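The values are calculated or read from the model by the stated rules, or taken from the named source; none is laboratory data. Remember, it's a predicted structure, so these values are computed and weren't measured experimentally. Neighbour counts run over all protein chains shown; Cβ positions are idealised from the backbone, glycine included. Each accessible area value is taken on the protein alone, full model and side chains, heavy atoms only, with ligands, DNA and RNA left out. Shrake-Rupley method; radii C 1.70, N 1.55, O 1.52, S 1.80 Å.
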Amino acid sequence: MTAAPHATAPAGLSPALTGRLVLWSVVAVNVLIVETVFLTADPAKNAILGFGKWLGLHLALVMILQLLLVARIGWLDRRIGMDRLTSWHRWTGFTLFWLVLLHPTFVLLGYASEYSSTPLKEFKALSGQLPVLLGMLAAGIVLVAAGLSVRVARRRLSYEAWHTVHLLLYVAIVFALIHQLTEVSTFTSSPLAEAYWWALWVFALGSLIVGRIVLPLVRNARHQFRVAAVVPESDNVVSVYVTGKHLDKLPARAGQFMIWRFLGHGRWWEANPFSLSAAPDGRTLRLTAKAVGSASARLRTVPVGTRVFAEGPYGAFTALSRTKPATLLIAGGVGITPIRALLEEATGPTTVLYRAATTEQAVLLGELQNLAKSRGARLHVLTGRTGAGTPPNTPFAPENLLALVPDITDRDVYVCGPAAMTDAVLRSLRALKVPAAQVHSERFSLAS
Ligand SMILES: Cc1cc2nc3c(=O)[nH]c(=O)nc-3n(C[C@H](O)[C@H](O)[C@H](O)COP(=O)(O)OP(=O)(O)OC[C@H]3O[C@@H](n4cnc5c(N)ncnc54)[C@H](O)[C@@H]3O)c2cc1C
């Protein structure tokens, strides 16, 4: 059953702000604990080595944060959104990269200065010890994964190839964990410090295993998703209806997405995120996909009855984020999918702006018109090529948005569409001074 949408503004902090506050407070508290652990441990033999070890402690903390950001913790995901969490994961990944370079550099320099030797000699000596060797291997894997995540390298790799390399990071984590807990004295400097690190690692790895393995397995065993129908919406867009058992118990909301794998149809290792294009009704889930590559193109031929392995629901692009009674929903192209679902749940004054090259290309338009009518919402289909004509067609310029929705600053605005359109809308909303807490966007890409 779908959760009841908010008819009025919820009081207090917005869910997004609450999520951020909790996450960053937890990080701040842990940084403080780590500084305390460092300051209360026996001092290192010299300042350079001490700095190297200090970097090592922070390296471990960043690694744990990296895991938590992609652990798909439901509470965080519903408030912050997977797109934002994965984008933070990307940026903390680059911090990890620098720490992985600097930590061993300073440790080697520290030992070299202590024993009047050279960093190379120390490297050779230390690599003979298994825990240090494991640390070095972990560092090597992190450096390769970070290198492949730089945009210019990432663009040359398929999503699946990049993802496989990324999975090697779990091996790096195991190596790093052994390295940390068996080698470095600061981690085991006191029973309290040791207990703290164990607790932190168990929490991070536990969250990851539950969020990414246990929960999806349990949900799929319980719901036993199957394809119920495949309906072409246009030449290159198709809707897939999925049924299953106890779907009323699946905590899915309009605006969320799931990561879908169609078993026995195509490549089992390909899993693709698609939004729910209708509000979940407890009996059926629907996704609507545009063919852009091999997996999305194959959906048109998926046989009815195919078993589906679905992860989720995920995402914060829901009515949970609402702060105002009135709503503006803005969609471009296939970005209509979560917007169509949100319209089904809409309460209060609602306006929908749907950008498409032509009305013929506006998929789900008939449904949208019926829904708008039944819910008393206003629907504007904005067609034409951007920049064409005199004056140029710029439907999302601030003055045009304001003309269509004069009370825009007093609405929650949900935006989903191609990257360039979403950016243009977000710029205009800033220019119109729509408060950031009222602006909610979903991008059809996760940071990688
Ligand atoms: C949160 C979210 C919701 C989405 N909802 C819809 C929707 O409702 N309708 C729709 O048509 N499209 C949606 N997309 C886009 C859709 O996921 C991609 O178009 C699809 O995965 C492309 O896969 P492909 O194999 O056909 O093409 P490919 O050419 O293999 O992939 C094209 C691009 O899609 C992205 N992609 C592919 N696989 C994944 C994956 N497993 N995880 C993340 N990104 C991936 C990558 O950036 C890749 O470069 C959504 C994307 C996201 C992130």
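Remark: Ser149 matches the filter, which requires a residue to be within 16 Å of the ligand (Cβ to nearest atom), surrounded by 19 or more Cβ atoms within 10 Å (Cβ to Cβ) and of a type outside the set (Phe, Trp, Tyr).
Any idea how many residues of region 310-332 are within 13 Å of the ligand (Cβ to nearest atom) and of a type in the set (D, E, K, R)? Don't jump to the end; show me each part of the working.
To start, the set of residues in region 310-332 that are within 13 Å of the ligand (Cβ to nearest atom) comprises 310-318, 331-332.
Those still in the list that are of a type in the set (D, E, K, R) too: 311.
Going through region 310-332 one residue at a time, the tally reaches 1.
If you take the residues in region 286-309 that are in a helix (DSSP H, G or I) and not hydroxyl-bearing (Ser, Thr, Tyr), which one is farthest from the ligand (Cβ to nearest atom)? The qualifying residue farthest from the ligand (Cβ to nearest atom) is Arg300.
The single condition among (1) open to solvent by 40 Å² or more (accessible area, probe 1.4 Å); (2) under 30 Å from Leu320 (Cα atoms); (3) hydrophobic (A, V, I, L, M, F, W, C) that Met82 does not satisfy is (1). Regarding Val308, is this residue over 30 Å from Leu217 (Cβ atoms), at pLDDT 95 or above and of a type in the set (Val, Ile, Thr)? Judged against the criteria, Val308 is not a match. Whenever a residue of region 428-448 is touching a residue at least 24 places away in the same chain (Cβ under 8 Å), its partners that are open to solvent by 70 Å² or more (accessible area, probe 1.4 Å) and away from the ligand (no atom under 16 Å from the Cβ), lying with C-beta atoms within less than 8 angstrom and at least six residues away or across chains, give the pairs Leu432/Leu402; Ala437/Leu17.
Does Leu157 satisfy the condition of being open to solvent by 30 Å² or more (accessible area, probe 1.4 Å) and not in a helix (DSSP H, G or I)?
Numbers: open to solvent by 30 Å² or more (accessible area, probe 1.4 Å): yes; not in a helix (DSSP H, G or I): yes.
Against the criterion (open to solvent by 30 Å² or more (accessible area, probe 1.4 Å) and not in a helix (DSSP H, G or I)), Leu157 qualifies.
Among the candidates Ala193, Ala176, Ala204, the residue that is away from the ligand (no atom under 16 Å from the Cβ), open to solvent by less than 30 Å² (accessible area, probe 1.4 Å) and farther than 26 Å from Leu76 by Cβ is uniquely Ala193. Evaluation of Tyr170 against the conditions (1) open to solvent by 70 Å² or more (accessible area, probe 1.4 Å); (2) more than 25 Å from Ser87 (Cβ to Cβ); (3) part of a helix (DSSP H, G or I) shows that the sole unmet condition is (2).
Scanning region 338-376 for residues that are under 19 Å from Ala420 (Cα atoms), under 26 Å from the mean Cα position of the chain (by Cα) and not in a strand (DSSP E or B) yields Pro338, Ile339.
Quick check on region 327-343. Is at least one of its residues of a type in the set (Ser, Thr, Tyr), open to solvent by less than 30 Å² (accessible area, probe 1.4 Å), touching a strand residue (DSSP E or B) at 6+ places or on another chain (Cβ under 9 Å) and under 17 Å from Leu446 (Cβ atoms)? Checked region 327-343: at least one residue is of a type in the set (Ser, Thr, Tyr), open to solvent by less than 30 Å² (accessible area, probe 1.4 Å), touching a strand residue (DSSP E or B) at 6+ places or on another chain (Cβ under 9 Å) and under 17 Å from Leu446 (Cβ atoms). For Arg90, the requirement of being more than 14 Å from Gly19 (Cβ to Cβ) and open to solvent by 10 Å² or more (accessible area, probe 1.4 Å) is met. With respect to Val132, is the statement that it is among the β-branched types (Val, Ile, Thr) and either modelled with pLDDT under 90 or within 28 Å of the chain's Cα centre (by Cα) (or both) true? Criteria met by Val132. With respect to the conditions (1) under 14 Å from the mean Cα position of the chain (by Cα); (2) open to solvent by 40 Å² or more (accessible area, probe 1.4 Å), Leu67 lacks only one, and its number is (2).
Restricting the search to region 415-448, which residues are part of a strand (DSSP E or B), within 16 Å of the ligand (Cβ to nearest atom) and either among the basic types (Lys, Arg) or in contact with a Lys or Arg (Cβ under 9 Å, 6 or more places away or on another chain) (or both)? Please lay out each step first, then the result.
Taking region 415-448 first, the residues part of a strand (DSSP E or B) are 415-416, 439-442.
Retained after the next criterion (residues that are within 16 Å of the ligand (Cβ to nearest atom)): 415-416, 440-442.
Cys416, His440 - these are the residues of region 415-448 that are part of a strand (DSSP E or B), within 16 Å of the ligand (Cβ to nearest atom) and either among the basic types (Lys, Arg) or in contact with a Lys or Arg (Cβ under 9 Å, 6 or more places away or on another chain) (or both).
A single entry from Arg286, Arg298 fulfils the requirement of being of a type outside the set (A, V, I, L, M, F, W, C) and open to solvent by 30 Å² or more (accessible area, probe 1.4 Å): Arg298. Do we have Asn393 as open to solvent by less than 60 Å² (accessible area, probe 1.4 Å) and without any contact (Cβ under 8 Å) to a residue 12 or more places away in the chain here? So Asn393 passes the test.
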